[in-house]
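The values are calculated or read from the model by the stated rules, or taken from the named source; none is laboratory data. Please read these numbers as outputs of a predicted model, since none were measured by experiment. Ligands, DNA and RNA are stripped out before the accessible areas are found, and what is left, the full protein with its side chains, is counted by its heavy atoms. Shrake-Rupley method; radii C 1.70, N 1.55, O 1.52, S 1.80 Å.
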Amino acid sequence: MTDSTLQSSEPVARAPIGLFEAFLFWLKLGFISFGGPAGQIAIMHQELVERRRWISERRFLHALNYCMLLPGPEAQQLATYIGWLMHRSWGGVIAGALFVLPSLFILIGLSWVYIVFGEVPVVVGIFYGIKPAVTAIVVHAAHRIGSRALKNGWLWAVAAASFVAIFALNVPFPLIVLAAGAIGYIGGRLLPGSFVIGGGHAARTASFGAALIDDDTPTPEHARFRWAHLLRLALIGAALWLLPMGLLTASFGWNGTLTQMGWFFTKAALLTFGGAYAVLPYVYQGAVGHYSWLSPTQMIDGLALGETTPGPLIMVVAFVGFIGGYVHPMFGAQYPFLAGAIAASLVTWFTFLPSFLFILAGGPLVESTHNELKFTAPLTGITAAVVGVILNLALFFGYHVLWPQGFEGTFQWPSAMIALAAAVALFRFKRGVIQVLVGCALAGLAVHLLRG
C-alpha cells in the first residue's frame, strides 16, 4: 500500500506549477530571506528541492555554480534563474524582483526613521551597540571567506597584496579586481593546481524524489540558446540602462547627484565578485570619500540596517542612495523624503539590472550542458584578493567605532567590549547575525542609558 501510494504521488510532483503559485512563493521568499547568501540559498534548497520538489538538487546546484561565477548577489540570481527556467523571462523577472522589492521598501522606511529620529536617545543607544557588532561581523566574514579560499601560499600572497594595495596605497577597488584576475589567469596557466578551488557547491548531490525539473528533464524550448534571442536581450538591456540614464542626464546634468549615483552603482554592480562585503570598500571609496553622500558613521549604520533586513546584503546601497538623496534634495528642500526614496529606487535599479541580464542572457548557455561548472582561475585570484579587501573594511569600521573622534580622541572601551562579545558569539558559539545584532543593540542601549 505504501509503495502504491508513493507511486501514485509521482505525477502530482511533476504537475506544472502555475505562474501565480510561483508568484506567491517568490513573494514569501522576499520577506523571509534573512541570513545572507548562505542562509538564503539554504532556504531555497529546503523549499524548492526538498519540500516542493520544483527542481532536482543536481539542476539546482548546476544553476548555483553559474551564479557563483557572476558579479552580483548569487542568491538573487539563483532565484531569477529558477524562475526563468520554470516560467520563461517573466518568471525570472518576477522571482528576481520579489527577492529585492520587500527589502527596498523596508530599507526606505528604516532609512527615513534613522535620519529623522537618529538623535533620539533610544536610537542612539541601539546604534552604539550595533556598530561594534558590525565590525565583528565583517571580521567573521573575512575569516569565513578566507578559510575557504586561501588554500596555499600563492593565494595568501594575493590576499596580502590586495590588503596592502587598498590599505596603504589607496588603490581603487576596480584595479585590485583586475590585477587579481590577471594574476589568477597567469597562475592558472603556470600553476594550475594552486589556482583551482576544489569541491564547491556541487561536490555532493542527494535525491529527494521526482522533481518538476528533474535531472533528465529536457531543456525547455525557451531555455535553448539562440543568437537572435541573445541580441534582443542585449538591446533591451541597453535600452533599460540608457533610457533612465539619458533622462537623468537631461534633467540634472551629468554631474547631478542622481546621475552620478546611476553611473557609480552601475560600475559597482559589475564588481561584486565575492559578495556584498567585497564591494563595500568600493562603495565606501566613492559614496563616502569621493561624493560625500554620507559619513563614515552613517555607512556603518547602513550596513547594520542591511544586516537586519531580508534580501541580499548589497541592498545597503538603497540606504546609501536614500541618505544621499535626502541630504542633497534635488526636488527642493521641502521634499527630502521624495528625493531619498527616488534615489534609493534608482540605485537599486542600476545595481540589479546587470544581474537580470546575466541570467536571462547566459541561462541558455548554461542549460546547454548539465556538467559541473568549475571556478575559473581568474575568479580564484579575485576571491583571494577579496579577503584582503574585507580585512581592510573591518579595520576601517573598527577605527571609526573605537576612536570616533580619531586617535587623539577617547578610546571607547564599552564598544571594544561589545565587539569582543560579538566576536566570541560568532566564532565560538556560532550564533546567527540577527541574534548577535539584537544582543549588542540591547547592550549598547544599556550603556548609553547608564551614561545618561
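Listing for the model above:
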quantity	calculated
Accessible area in the full protein assembly, largest first, 1.4 Å probe, for Lys28, Lys430	Lys430, Lys28
Heavy atoms of Thr219 accessible to a 1.4 Å probe, total area in Å² rounded to 10	30
Ellipsoid semi-axes in whole angstrom, largest first, where each is sqrt(5λ) of the Cα gyration tensor of region 264-392	31, 18, 11
Full-extension gain in nm, Thr217 to Tyr291, via 0.36 nm per residue minus C-alpha separation	21.6 nm
Between helix 377-402 and the chain: long-axis angle, C-alpha atoms, 0 to 90°, nearest 10	30
Principal axes of region 355-452: Cα extent on each, largest first, Å	64, 30, 28
Accessible surface of the chain, 1.4 Å probe, proportion on carbon and sulfur as whole %	69
Area accessible to solvent at Trp54, 1.4 Å probe radius, in Å²	10
Per residue accessible area of the chain, 1.4 Å probe, in Å²	45
Computed [θ] at 222 nm, helices only, for the chain once each DSSP H run of length n ≥ 4 contributes -39500 (n - 2.57)	-24000 deg cm²/dmol
Taking the convex hull of Cα positions in region 112-178, its mean projected area over all directions (nm²)	6.8
Global size of the chain as Cα Rg and Dmax, reported in angstrom	22.7, 78
Long-range Cα-Cα pairs in region 209-332 (distance over 25 Å), rounded percent	44
Solvent exposure, largest accessible area first (probe 1.4 Å, DNA, RNA and ligands not counted), of Tyr399, Tyr326	Tyr399, Tyr326
Kirkwood-based Rg to Rh ratio, region 144-199, C-alpha trace	0.98
Accessible-area ranking of His140, His62, largest first, probe 1.4 Å	His140, His62
Zero-based 10 Å bins, Cα pair distances in region 80-133, whole percents	23, 27, 21, 18, 11, 0
